[in-house]
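Asks: Following this message is one structure expressed as structure tokens.
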Amino acid sequence: MSAEDGTGRESDGLPPGQRRVAGWPVSHYGPVPRFRPERWDLRIFGATGTAGSYAWTYDELGDLPRTTVVADLHCATGTTSTGHEWFGVPAAALLALAPPAPEATHAMAWAEYGYGANLRMADLTADTTILATHHNGEPLTAEHGFPLRLVVPHLYGYKGPKWLRSIEYLTEDRPGFWEERGYHRVGDVRSGKRYSHEEEDGADPDQLERWR
Ligand SMILES: Nc1nc2c(c(=O)[nH]1)N[C@H]1C(S)=C(S)[C@@H](COP(=O)(O)O)O[C@H]1N2
Ligand SMILES: [Mo]
């Protein structure tokens, strides 16, 4: 199965304010973690339907459904690298195995070293959202997120943690790493809104109050 990235591009155009860059730059905050297979797991916890948590070893990921998603990668600083073929576990399939409670509205995707990205549940379960193990037919390289990275093609790059380790279901929104540093809590590339000062539109004032 393959799917387009759903970013609403017109013909060969890019989303608002983005420019194409050659190749695939490496961009992240902090050091590249070392993969220790004996200690690694992927966990789902928080507001699950059972109140319990779930965990998969790296080998167990191989038993899960797999898919391919072709998409561009849009950094919120305005650079876009194009034509990435991601292979891995569709997020919706994983979430079906670890159902969120009905009250869960958002999730935090956690990486090594406490990097987190908050996501609306609908963005996490979108049909092009994928937990990627491979890129263009090869395992991810360490600097691009090996062994696992979240890819949400219709959101800016900061919404896709490299070195993903867990997903926490939330009953209200909470800022992640870049969201605490002034980036937009939704991060939809189609809106062109990158910064928290652009969040006012349509936001629930109570929610904003809690957010600040
Ligand atoms: N763990 C972690 N994941 C991260 C980041 C980070 O700092 N730490 N940066 C994000 C940002 S802002 C972007 S644009 C992409 C860049 O991915 P790339 O290095 O594969 O191009 O990774 C995202 N994932
Ligand atoms: Mo980015």
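The values are calculated or read from the model by the stated rules, or taken from the named source; none is laboratory data. No experiment lies behind these values; they were computed from the predicted model shown. FYI the Cβ positions are ideal-geometry reconstructions off the backbone, even for glycines, and counts take in every protein chain you see. Ligands, DNA and RNA are stripped out before the accessible areas are found, and what is left, the full protein with its side chains, is counted by its heavy atoms. Shrake-Rupley method; radii C 1.70, N 1.55, O 1.52, S 1.80 Å.
Asks: I'd like to compare 30-41, 111-122: which one has the highest average count of other Cβ atoms within 10 Å, and what's the full order after that?
Replies: The peptides rank, most packed first, as 111-122, 30-41.
Asks: Continuing with the same structure: Quote to one decimal, in nm, the extra length available between A96 and S191 on full extension: 0.36 nm per residue of separation minus the C-alpha distance between them.
Replies: Extending this stretch completely gives an extra 31.3 nm.
Asks: Next question, about the same structure. Output the peptides 132-140, 21-29, 71-79 sorted from most to least packed, where packing is the average of other Cβ atoms within 10 Å over each peptide's residues.
Replies: Top to bottom by mean Cβ count within 10 Å: 71-79, 132-140, 21-29.
Asks: How much of the accessible area of the range 41-211, probe 1.4 Å, is carbon plus sulfur, in whole percent?
Replies: It is 52 percent, rounded to a whole number.
Asks: Under 1.5 on a/c is rounded, so check that first for the range 93-155, then, if it is not, pick prolate when a/b is larger than b/c and oblate when it is not; a ≥ b ≥ c are the square roots of the alpha carbon gyration tensor eigenvalues.
Replies: Prolate is the answer for the range 93-155, as a/c is 1.5 or above and a/b outweighs b/c.
Asks: Let me ask you something else. Subtracting the Cα-Cα distance from 0.36 nm times the residue separation, let me have the gained length for Y113 to F35 in nm, one decimal.
Replies: Taking 0.36 nm per residue and subtracting the Cα distance, the gain is 26.8 nm.
Asks: Work through the residues other than A104 whose Cβ is under 14 Å from its Cβ and net out their charges, Lys, Arg +1 and Asp, Glu -1.
Replies: Net charge in that neighbourhood comes out at -3.
Asks: I would also like to ask the following. Give me the accessible area per residue for the chain, probe 1.4 Å, as a whole number in Å².
Replies: For the chain, the per-residue accessible area is 48 Å².
Asks: Next question. To two decimal places, what compactness ratio does the chain give when its Cα radius of gyration is scaled by 2.2 N^0.38 Å?
Replies: 0.97
Asks: Another question, if that's okay. Among DSSP bridges having both ends in the range 41-211, what percentage is antiparallel? Round to the nearest 5.
Replies: Rounded to the nearest five, the antiparallel share is 90 percent.
Asks: Here's a follow-up. Do any GluC sites (Glu not before Pro) in the range 143-195 lie in a DSSP loop with no more than 14 other beta carbon atoms within 10 Å, and if so, which?
Replies: Hits after loop and neighbour filter: E172.
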